[in-house]
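The values are calculated or read from the model by the stated rules, or taken from the named source; none is laboratory data. The shown structure was predicted, so the numbers you read here are calculated from the model rather than taken from an experiment. A quick note on method: Cβ atoms are made from the backbone with ideal geometry, for glycine too, and the neighbour counts reach across all protein chains shown.
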Amino acid sequence: MENRKLSAVLEKWQNLQPLSEIDKGRLSRRFTVDFNYNSNHIEGNTLTYGQTELLLLFDKVIGTSDFHEYEEMKASDVGLKMMLKEAAEAHQPLTQNFIRALHRTLIREDYTVSSTLPGGLPASYTVHAGQYKTRPNSVITRYGERFDYAAPEETPAFMADLVDWYNEEEQKNSVSPIDLAILFHYRYIRIHPFEDGNGRIARLLVNYILARHGLPMIVVRSRLKQEYLDALHRADLIVGPITSDGVRASLKSIRPFHKYMVDLITHEVENDILFVTEKNENVWWYDGERIAFRTPTYGKILRELQIEAKATLSYLQNEIGINRSALQKMLQTLQKNGYIEKDDKGFWRVFITPSV
């Protein structure tokens, strides 16, 4: 079911192989920050893109965010590395043990959630790290509808069927890895096997399947969260509310979600191609977006800040040759967009990546 545009983009990507070690490293660093930031941001983590980059690439902490959010982001990165290592073992089939181990890595330890029952009565439940859910879970859609996932007693059998189906389809090689990844994601979400962390696990496993087949990995951007959820919801309307139908859904029945994911993968791979091929001093990259500055002065400021982290206004003014007022406005613009930040010790941090 892949479309022609995606096939053409993938062919262009394959023609660039093998990438240089420098480009591999640049892509890896970019993906590490982008994936962890967005996958956790979708679920409510409030660390900024800059805080995420400093934490994951330099093991530095800035700002006053909750310690739990830093720990959550670090655990996410461990899960990503764990997924990549497993994906590299091409002879090993996917297992439920691996999925539960991923969950244990992300959640880290059991914790208790307080809630309120109908009528206002207090209640609580425990989220078990690495264990399937022990209570029903559901979601209230943006349209106010309640949507139920698999019951706890059904979950082990559904997960066994899902993993067996994936391994069999992979062996048969009758479905493309991309279609397989998309369908696996949808079926997994319809089970929702854990009490927390299901979205993060689903996005890791999509990339597990892509990486396993030598394809570029993708990021579901948090700024497009509603489009992602709407695509899932539109597929749910076609498949229907019965869980057993959802966990055995076909590619045809999830067309809205399949189209969304194919478009997403196409866009992400196109950007990967641009990232490693475009050489333009005015073009930079930030959270998956290509930023083309209208004036080269922005690039000059950013490069000076990369060289001299404690650059003062006077230093920048002398090096770049613009008036102080214009310089201050440009710095404010860069800070407002999250491209740069000054820490409490007066060091400039640059979070936007040059194309050259």
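Sort out for me the helices (runs of 4 or more DSSP H) sitting completely within the stretch 31-136 that have 1 or more residues that are surrounded by fewer than 18 Cβ atoms within 10 Å (Cβ to Cβ) and of a type in the set (Asp, Glu). Full working, then the answer.
Values: elements: 49-58, 67-87, 96-107.
So the answer is 67-87.
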Cross-chain or 6+ apart pairs with Cβ under 9 Å, the stretch 250-264 first and under 11 Å from Tyr228 (Cα atoms) and without any contact (Cβ under 8 Å) to a residue 60 or more places away in the chain, then among the aromatic types (Phe, Trp, Tyr) and surrounded by 16 or more Cβ atoms within 10 Å (Cβ to Cβ): Tyr260/Tyr228; Leu264/Tyr228
All positions within the stretch 309-340 that are of a type in the set (D, E, K, R) and touching a residue at least 24 places away in the same chain (Cβ under 8 Å): Lys310
So Phe98, is it of a type in the set (Phe, Trp, Tyr), out of contact with any Pro (no Cβ under 9 Å at 6 or more places or on another chain) and closer than 26 Å to Ala160 by Cα: yes
Cross-chain or 6+ apart pairs with Cβ under 7 Å, the stretch 61-76 first and free of Cβ contacts under 8 Å to residues at least 40 places away in the same chain and assigned by TED's automatic domain parsing to the domain that holds Gly199, then buried (at least 17 other Cβ atoms within 10 Å of the Cβ) and of a type in the set (Ser, Thr, Tyr): Val61/Tyr70; Met73/Thr52; Ala75/Thr105
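A quick yes/no check of all residues on (1) surrounded by 18 or more Cβ atoms within 10 Å (Cβ to Cβ); (2) out of contact with any Gly (no Cβ under 6 Å at 6 or more places or on another chain); (3) not assigned by TED's automatic domain parsing to the domain that holds Phe347:
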residue: Ile254; (1), (2), (3): yes, yes, yes
residue: Met261; (1), (2), (3): yes, yes, yes
residue: Thr266; (1), (2), (3): yes, yes, yes
residue: Val269; (1), (2), (3): yes, yes, yes
residue: Ile273; (1), (2), (3): no, yes, yes
residue: Asp287; (1), (2), (3): yes, yes, no
residue: Tyr298; (1), (2), (3): yes, yes, no
residue: Ile301; (1), (2), (3): yes, yes, no
Any chance Gly246 is of a type outside the set (A, V, I, L, M) and on the phi > 0 side of the Ramachandran plot: no
Conditions (1) in a helix (DSSP H, G or I); (2) over 23 Å from Gln51 (Cβ atoms); number of the one not met by Tyr298: (2)
Test: residue in the stretch 314-324 that is under 30 Å from Val269 (Cβ atoms), of a type in the set (A, V, I, L, M, F, W, C) and out of contact with any His (no Cβ under 9 Å at 6 or more places or on another chain): no
Which numbered condition Glu281 misses (of (1) surrounded by 14 or more Cβ atoms within 10 Å (Cβ to Cβ); (2) at pLDDT below 95): (1)
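Which ranges mark the helices (runs of 4 or more DSSP H) fully within the stretch 156-275 that have 2 or more residues being more than 24 Å from Trp13 (Cα to Cα), modelled with pLDDT of 95 or more and of a type in the set (Phe, Trp, Tyr)?
Where helices (runs of 4 or more DSSP H) fall fully within the stretch 156-275 and carry at least 2 residues being more than 24 Å from Trp13 (Cα to Cα), modelled with pLDDT of 95 or more and of a type in the set (Phe, Trp, Tyr), they are 177-191.
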Which numbered condition Asn137 misses (of (1) within 25 Å of Gln226 (Cβ to Cβ); (2) modelled with pLDDT of 95 or more): (2)
Of all residues making up the stretch 11-28, the number that are among the acidic types (Asp, Glu) and loosely packed, with under 11 Cβ neighbours inside 10 Å: 2
